[in-house]
Amino acid sequence: MNDVLPAQVGRWQEMERVAREVFALYGYREVRTPAVEQYALFARGVGELTDIVNKEMYVFEDKGEELLALRPEGTAGTVRAFIEHGAHVEGLQKWFYLGPMFRRERPQKGRYRQFHQIGCEAFGVAEPAIDAEQIAMLDDYLARMGVRAQLRLNSVGDPQCRPPYLEDLRRYLAARKGELCPDCNSRIERNPLRVLDCKVESCQPVLREAPRLLDRLCDGCRAHFDAVKGALEDLGVAYELEPRLVRGLDYYVRTAFEFTSDALGAQSAVAGGGRYDGLVEMLGGPAVPGVGYALGQERLALILESLGRKAPEPAPAVFLISADAAGAREALRRAAELRRAGVACDLDPRGGKLKAQFKQAERVHARYALVLGGDEVASGQAKLKDMETREETPVSLDALAGRLAAATR
Ligand code: ATP
Ligand code: MG
């Protein structure tokens, strides 16, 4: 789990601000759900046999009442809220969320036990256009953040074409289990699709030759997939087909995708998502289709860092420096006036040596500094010093707010 200190928080605020802007452009509205839900929601929604629920979830008993869990992802809780508040009666719903998620994973670069996701869900549209639009929205977001990531796309079929494929896959994997790692072996029965996702080098030859679900899609899934690809092409979003792409959650059908970046090393996915048509119904709601994704903020922060991008930090327009007691009183008064006018300003209430106060002005990256003492108070005139060029310009104290408001707008 990480602390985000003030020096880095600008990056986080930027990720979130741009996300809000992009979501608004596409008509997605924010939903805020609790970080704690009933354990049963995730067991049913994410899948009891998935690693996430099986191994990684923080589960606790609420004083002998019921079993609760810290949310490991955002979709299950969002779907619960959608059902609980009968949101389907209003037809198509496009929601987004931001917030912390919890998984007891082995901590390493890009993988933490409390991490943060920016995610969205669209409920009520079975048409492939929304899959493509949502992917394009994420592509748009990454572009606005100045990040290039590769879109990897697959179809994971549906309850019609997947089961017979899984039988074939199990049979194939079982026949070659001697060539597969222990993790893969333990998944052949439980979750054979996940085996395809194994990153262990020695498993790759077996996985490369494995039967592909993409070759076995039923007509419905095939048509859906073709339409998603067509719409992405119309929208100018480049993708790579990745027949072995699966998702770690049980609920996905048809469209599955990931955005990856070389900057991330082994934990290469910055975002992932797909379609989950059966999930709302499975969690006790009406038969409403859905599609969504989640982006990992820590991973996006790592990419931005690797690009050498500085985190934006707010800085005061002016730092008021006091030369004496009269100047200190004036500084406090003028600071209030400036702030009322919407001009960010700062001062050091400890006063002290001019040099130390100038140092503080530099530390907070103030654009200007202004020294106030008895003379300035008496004359109503002071010198505005540009902290970069060191140039000094005379100003009337009464004109200061107007002048800085214009200069820093
Ligand atoms: P991975 O394959 O990297 O484990 P995942 O498939 O488990 O990812 P999802 O559940 O789809 O991930 O979550 C979406 C995104 O959330 C991921 O693409 C990643 O950016 C981020 N994410 C997932 N788990 C973690 C974690 N433990 N720490 C930091 N970010 C994470
Ligand atoms: Mg994972």
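The values are calculated or read from the model by the stated rules, or taken from the named source; none is laboratory data. What you see is a predicted model, and the numbers here were worked out from it, not measured in a lab. Cβ atoms come from the backbone with ideal geometry, glycine included; neighbour counts cover every protein chain shown. For the accessible areas, the whole protein counts, side chains as well, though only heavy atoms, and no ligand, DNA or RNA atoms are used. Shrake-Rupley method; radii C 1.70, N 1.55, O 1.52, S 1.80 Å.
Quick look at the values:
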{"read-out": "Residue in segment 159-175 that is within 16 Å of ligand 2 (Cβ to nearest atom) and either under 27 Å from TYR26 (Cα atoms) or out of contact with any helix residue (DSSP H, G or I) (no Cβ under 7 Å at 6 or more places or on another chain) (or both) present", "value": "no"}
{"read-out": "Filter result for PHE115 (in a strand (DSSP E or B) and surrounded by fewer than 21 Cβ atoms within 10 Å (Cβ to Cβ))", "value": "yes"}
{"read-out": "Residues that are in a loop (DSSP other than H, G, I, E, B), open to solvent by 30 Å² or more (accessible area, probe 1.4 Å) and out of contact with any Gly (no Cβ under 6 Å at 6 or more places or on another chain), drawn from segment 321-352", "value": "ALA341, GLY342, ALA344, PRO349, ARG350, GLY352"}
{"read-out": "Conditions (1) out of contact with any Leu (no Cβ under 7 Å at 6 or more places or on another chain); (2) more than 30 Å from ARG208 (Cβ to Cβ); (3) part of a helix (DSSP H, G or I); number of the one not met by GLU313", "value": "(3)"}
{"read-out": "Filtered residues of segment 157-173 (kept if in contact (Cβ under 8 Å) with a residue 60 or more places away in the chain and over 10 Å from LEU213 (Cα atoms))", "value": "ASP158, PRO159, GLN160"}
{"read-out": "Set ARG32, ARG11: member being more than 12 Å from ligand 1 (Cβ to nearest atom) and open to solvent by 60 Å² or more (accessible area, probe 1.4 Å)", "value": "ARG32"}
{"read-out": "Flag for VAL318 being surrounded by 23 or more Cβ atoms within 10 Å (Cβ to Cβ), within 20 Å of the chain's Cα centre (by Cα), farther than 22 Å from ARG111 by Cβ and aliphatic (A, V, I, L, M)", "value": "no"}
{"read-out": "Identity of the residue in segment 44-57, part of a loop (DSSP other than H, G, I, E, B) and within 15 Å of ALA76 (Cα to Cα), that ends up nearest to ligand 1 (Cβ to nearest atom)", "value": "THR50"}
{"read-out": "Count of segment 172-193 residues which are assigned to a helix (DSSP H, G or I) and surrounded by fewer than 19 Cβ atoms within 10 Å (Cβ to Cβ)", "value": "12"}
{"read-out": "Residue tally, condition away from ligand 1 (no atom under 16 Å from the Cβ), open to solvent by 20 Å² or more (accessible area, probe 1.4 Å) and over 19 Å from GLY119 (Cα atoms), over segment 284-311", "value": "8"}
{"read-out": "ALA126 being out of contact with any Cys (no Cβ under 9 Å at 6 or more places or on another chain), assigned to a loop (DSSP other than H, G, I, E, B) and within 22 Å of ARG29 (Cβ to Cβ)", "value": "yes"}
